[in-house]
Amino acid sequence: MSDRRYITTPIYYVNDKPHIGHAYTTVAADVLARFWRISGRKVLFLTGTDEHATKIPAAAAAAGKSSKEFCDGMAAEFKKAWAALGITHDRFIRTTDPDHIAAVGDILTRLHAAGHIYKGVYEGLYCASCEKFLSESELTPDGLCPDHARAPEKYSQENYFFRLSGFRDRLLELISDASSPDRIEVLPEERRNEIIGKLKVGLDDISISRAATGWGVTLPFDKSQTAYVWVDALINYATGAGWPLSPEKFAEWWPADCHLMAKDILWFHSVIWPAILLGAGFKTPRRVFAHGFFTLDGAKMSKTRGNVIAPSELIERYGVDAARYLLVTLFPFGTDGDVSRTELDRRYNSDLANNAGNLLNRTAAMSEKYFGSVLPAAPMTAGLKEFLSSRMAEYRCAVESVRLHAAASVARDIMDNANRMVQIEAPWALFKEKNPRLITVVNSLFSSINAAAVCLRPFMPSAAAAMWTASGSPIGVDEGAAKVFAGDISALAPGATTARPPALFPRNASPLSRK
Ligand code: MSP
């Protein structure tokens, strides 16, 4: 297996400020990126903004700004939100970046030269909020877009078309044949089956340009037209890997290992994007993973409904670490779910304040009280070694297959097991009896805390480091994690002098603001 990983999030539209829907995907990608870095891989992690949407000039005018100024302001909002959430992307790409505009021109020229683009008249219905054409059968009985409850616009123009239909057989093969070396692994499996089903029904060609309005990337072979915003946006993944200006970088990173997004835009990523790549002579992505869509208190989050939560609100209430953890582990990654303030609070208290926080405080207090914080070493028991080894293997497998909730529940299991150990062993009684077993028990508790810290490190970087540091381990948490992943469970042992941990997950009684 290759030692490098190229992972992407969607590039987000700038008509909305960043909300926890965007944060959900971005934090998940960051968890993967951090995990891979810790396990010794080279990572390229790309996120950014999709700025050439048709709505932008009007939104900018309403704000009294030029389109570019408007986008500059919104891109800055996204950058700020990701910095506050501790996102470790290697590049924040904007579709208005010059190297991206070069990439769009280059790839469209290739498609045109290869005969995959032709001129035709497009007549249909267009939803500007989806930025896509809708067929009559997709509309509600009242003729509205089902996602935006708005009437689509009637559209008739001479445009360029991409011969998507010509790629159907190859795409079917790449997506369904697990033995193909160029397989596009679409996950989760149920969504792959949906895509395969749709492909079997057939593929229509798609319109890929519009009459130029002064906003968007001009077609290299017809200056009167601009590229369809989705074609422009998808190409960002090639730009981010270095196409066309840094061919050496591109050779190192292409194809992408994981395009991460929600199910709403899986079709674009698993069908249209690979077809563009095939047409232009590039390799297709190795994996396209679509997670579920979440509602907030049972309703779709939307500006008009006024129930949008900004990532900063979660950070204010729970702190960055817990905000990241809670977001991506609240319901199984891949399925749809609901997020409610009550459930966020409940999980914060149960998983973090009670489970992790208490275990850490109790264990550090034991070391202090029973050993004056100078903990004699004891070898890890065979039972604990076996338990932790199997849990760490399970954890790695969960992260590699993007089952983030399962990865987090390994950490919970390890901590539950340690909390049970305290009850069963009753260290206070061992202390009273001057029983030397106390040394083994406290060592076991610290080793368990360290194992949980390794698992939690990609989710909660600072809290995990603090958990690890409390054990006094002579090595850092990432070095420890790398050793553990390489099979050395003894790297979880505490050091000689343990430390009193900072208050990690204080109970928080004030309600999350309701806007
Ligand atoms: N600009 C396009 C993507 C182009 S990528 C080449 C776009 N942007 S978007 O701003 O609408 O972002 C959609 C993505 O935001 C979803 O696919 C998902 O990653 C994330 N989410 C937004 N709201 C979400 C939820 N309520 N639940 C889960 N993910 C959410 O589409």
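The values are calculated or read from the model by the stated rules, or taken from the named source; none is laboratory data. Remember, it's a predicted structure, so these values are computed and weren't measured experimentally. Don't worry about glycine lacking a Cβ; one is built from the backbone with ideal geometry, like all the others, and counts go over all protein chains shown. The area values use the complete protein model at the heavy-atom level, side chains included, leaving out ligands, DNA and RNA. Shrake-Rupley method; radii C 1.70, N 1.55, O 1.52, S 1.80 Å.
What the table below lists for this structure:
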item	result
Residue check, Ala149 small (Gly, Ala, Ser), touching a residue at least 40 places away in the same chain (Cβ under 8 Å) and either open to solvent by 20 Å² or more (accessible area, probe 1.4 Å) or under 30 Å from Lys42 (Cβ atoms) (or both)	no
Within region 111-129, considering residues that are small (Gly, Ala, Ser) and in a loop (DSSP other than H, G, I, E, B), the one surrounded by the most Cβ atoms within 10 Å (Cβ to Cβ)	Ala128
Selection count where residues are touching a strand residue (DSSP E or B) at 6+ places or on another chain (Cβ under 9 Å), small (Gly, Ala, Ser) and in a loop (DSSP other than H, G, I, E, B), scope region 243-278	1
Criterion violated by Cys71 - all others in (1) within 23 Å of Leu234 (Cβ to Cβ); (2) more than 14 Å from the ligand (Cβ to nearest atom) satisfied	(2)
Cβ pairs under 7 Å, 6+ apart, first in region 216-241 and closer than 14 Å to Phe162 by Cβ and aromatic (Phe, Trp, Tyr), second part of a strand (DSSP E or B) and open to solvent by less than 10 Å² (accessible area, probe 1.4 Å)	Tyr228/Ser207; Tyr228/Ser209
Search result, residues across region 173-195 that are open to solvent by 20 Å² or more (accessible area, probe 1.4 Å), in a helix (DSSP H, G or I) and either closer than 21 Å to His291 by Cα or touching a residue at least 40 places away in the same chain (Cβ under 8 Å) (or both)	Ser176, Glu189, Glu190, Arg191, Arg192, Asn193, Glu194
Given (1) within 20 Å of Ala398 (Cβ to Cβ); (2) away from the ligand (no atom under 15 Å from the Cβ), index of the condition Leu260 fails	(2)
Residue list for region 223-257, restricted to those being among the acidic types (Asp, Glu) and more than 10 Å from the ligand (Cβ to nearest atom)	Glu248, Glu252, Asp257
Residue ID - nearest to the ligand (Cβ to nearest atom), chosen from residues in region 1-47 that are of a type in the set (Gly, Ala, Ser) and at negative phi	Gly21
Test: Leu203 is over 27 Å from the mean Cα position of the chain (by Cα) and without any contact (Cβ under 8 Å) to a residue 40 or more places away in the chain	no
Some residue of region 490-509 being among the β-branched types (Val, Ile, Thr), crowded, with 21+ Cβ neighbours inside 10 Å and over 29 Å from the mean Cα position of the chain (by Cα)	yes
Filter pass, Asp205 being touching a Lys or Arg at 6+ places or on another chain (Cβ under 9 Å) and more than 17 Å from Gly281 (Cα to Cα)	yes
Exclusive hit being surrounded by 23 or more Cβ atoms within 10 Å (Cβ to Cβ), in contact with a His (Cβ under 6 Å, 6 or more places away or on another chain) and modelled with pLDDT of 95 or more, set Thr49, Thr26, Thr8	Thr8
Top-ranked residue of region 387-428 - restricted to ones that are out of contact with any strand residue (DSSP E or B) (no Cβ under 7 Å at 6 or more places or on another chain) and β-branched (Val, Ile, Thr), ranked as most open to solvent (accessible area, probe 1.4 Å)	Ile424
Long-range neighbours under 8 Å by Cβ, at least six apart or interchain, first residue surrounded by fewer than 16 Cβ atoms within 10 Å (Cβ to Cβ) within region 55-70, second modelled with pLDDT of 95 or more and of a type in the set (S, T, N, Q)	Lys68/Thr96
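Matching residues to (1) at pLDDT 90 or above; (2) surrounded by fewer than 15 Cβ atoms within 10 Å (Cβ to Cβ); (3) β-branched (Val, Ile, Thr):
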| position | (1), (2), (3) |
| --- | --- |
| Glu131 | no, no, no |
| Leu134 | no, no, no |
| Thr140 | yes, yes, yes |
| Lys154 | no, yes, no |
| Phe161 | yes, no, no |
| Leu171 | yes, no, no |
